[in-house]
1. Could you list all residues from region 112-138 that are open to solvent by 30 Å² or more (accessible area, probe 1.4 Å), of a type outside the set (S, T, N, Q) and part of a helix (DSSP H, G or I)?
2. Suppose we filter G197, G174 for residues that are surrounded by fewer than 17 Cβ atoms within 10 Å (Cβ to Cβ) and under 25 Å from A14 (Cα atoms); which single one remains?
3. So if I check each of W60, W19, W12, which one is under 17 Å from I144 (Cα atoms) and aromatic (F, W, Y)?
4. When you scan region 41-50, do you find a residue that is buried (at least 22 other Cβ atoms within 10 Å of the Cβ), within 12 Å of the ligand (Cβ to nearest atom) and either more than 14 Å from the chain's Cα centre (by Cα) or at positive phi (or both), even just one?
5. For residues that are over 11 Å from V73 (Cα atoms) and assigned to a loop (DSSP other than H, G, I, E, B), scanning just region 95-111, find the one that is farthest from the ligand (Cβ to nearest atom).
6. Let me spell it out: the conditions are (1) closer than 25 Å to F168 by Cβ; (2) within 13 Å of the ligand (Cβ to nearest atom); (3) surrounded by 16 or more Cβ atoms within 10 Å (Cβ to Cβ), and S6 meets all of them except one. Which number is the exception?
7. Pick out the one residue from L81, L61 that is under 25 Å from D10 (Cβ atoms), out of contact with any Phe, Trp or Tyr (no Cβ under 8 Å at 6 or more places or on another chain) and in contact (Cβ under 8 Å) with a residue 40 or more places away in the chain.
Amino acid sequence: MKEFESQLEDSWKANAEAWTNSIRLKEIESRKVSTDHAVLNEIISLQPNKVLDVGCGEGWLARALSEQGIEVVGFDGSEELVEKASAAGGGIFHYLNYSDFGRNPLQIGHDFDVAVCNFSLFSEEITSLLQSLTSILSPNGIIIIHTLHPYSIAQDGRYESGWREETFSNMGEGYKAKMPWFYRTMGAWLNELKMAGIELRDCKEPIHPVSGKPLSLLLKTTPKNNPRSADA
Ligand SMILES: C[S@@+](CC[C@H](N)C(=O)[O-])C[C@H]1O[C@@H](n2cnc3c(N)ncnc32)[C@H](O)[C@@H]1O
């Protein structure tokens, strides 16, 4: 729904300061105990030279990857967050929303060995973004989608795709706007990949080390007919 989509983008402008503090002060438990390591390890294991950080936020992932000698380009639809990422360094960051990126994907470069969407796919329509990403990958390129686990969220409501609302409680102080986001069931995620013409190569489900509950869903994918398919 168009109204939710614009509220979603605007929330990241209004909450840029609070979000930056949450990340840099490590106030989000799931990230601290599991999900940050999961995505970092996954990317590093692929030994990429060049990574695209899609919806990079304040840039923590780019900084962590650049410490490993990996070249990183990031883009995000919140100018405030892009400014914070640029100030902290670790990559080249562009202020760009997904629609503008889709009109000309090459504007941020090409030959990316990995494009990673780390908790940054919240829209109802993500097919065109995923398709655009396939056009700027290196021949063996991989798209990683790391997102909220459909089963953990389902505990609070119906197991049915649809718009939900994030209030950022338990993520620190200072949040000014709620974020509408589109929840997908596991089946809906798999259908998204199919519609975008990408194939699932590996699926990980990081859990909370104490409760054992699933925290996130980490999908490693390649465009159809990608040579990497053979060794995946
Ligand atoms: C939960 S934050 C994650 C940020 C970062 N990937 C991280 O791991 O900390 C979601 C990010 O996605 C970005 N985002 C969401 N929808 C977007 C859109 N349509 N265009 C560009 N960026 C978008 C937001 O601005 C925000 O920075």
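1. If we filter region 112-138 for residues that are open to solvent by 30 Å² or more (accessible area, probe 1.4 Å), which is where we start, we get 113, 119, 124-125, 128, 131, 134-135.
Next cut, of a type outside the set (S, T, N, Q) only: 113, 119, 124-125.
If the condition is that a residue be open to solvent by 30 Å² or more (accessible area, probe 1.4 Å), of a type outside the set (S, T, N, Q) and part of a helix (DSSP H, G or I), then no residue fits.
2. Values: G197 fails: under 25 Å from A14 (Cα atoms).
Matching residue, one of G197, G174: G174.
3. Numbers: W19 fails: under 17 Å from I144 (Cα atoms); W12 fails: under 17 Å from I144 (Cα atoms).
Every option except W60 fails the conditions.
4. For region 41-50, residues buried (at least 22 other Cβ atoms within 10 Å of the Cβ), within 12 Å of the ligand (Cβ to nearest atom) and either more than 14 Å from the chain's Cα centre (by Cα) or at positive phi (or both): absent.
5. This residue is D111.
6. In the conditions (1) closer than 25 Å to F168 by Cβ; (2) within 13 Å of the ligand (Cβ to nearest atom); (3) surrounded by 16 or more Cβ atoms within 10 Å (Cβ to Cβ), S6 misses (3) alone.
7. On the way: L81 fails: out of contact with any Phe, Trp or Tyr (no Cβ under 8 Å at 6 or more places or on another chain).
So the residue among L81, L61 that is under 25 Å from D10 (Cβ atoms), out of contact with any Phe, Trp or Tyr (no Cβ under 8 Å at 6 or more places or on another chain) and in contact (Cβ under 8 Å) with a residue 40 or more places away in the chain is L61.
Table: residues versus (1) in contact with a strand residue (DSSP E or B) (Cβ under 6 Å, 6 or more places away or on another chain); (2) of a type in the set (S, T, Y); (3) open to solvent by 70 Å² or more (accessible area, probe 1.4 Å).
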{"position": "W12", "(1), (2), (3)": "no, no, no"}
{"position": "H37", "(1), (2), (3)": "no, no, yes"}
{"position": "L61", "(1), (2), (3)": "yes, no, no"}
{"position": "G77", "(1), (2), (3)": "no, no, no"}
{"position": "F93", "(1), (2), (3)": "yes, no, no"}
{"position": "L96", "(1), (2), (3)": "yes, no, no"}
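The values are calculated or read from the model by the stated rules, or taken from the named source; none is laboratory data. Owing to the predicted nature of the structure, the values given are computational and were not obtained by experimental measurement. So basically every Cβ, Gly included, is an ideal-geometry build from the backbone, and we count neighbours across all protein chains shown. Remember, those area values only see protein heavy atoms, side chains included, never the ligands or the DNA or RNA. Shrake-Rupley method; radii C 1.70, N 1.55, O 1.52, S 1.80 Å.
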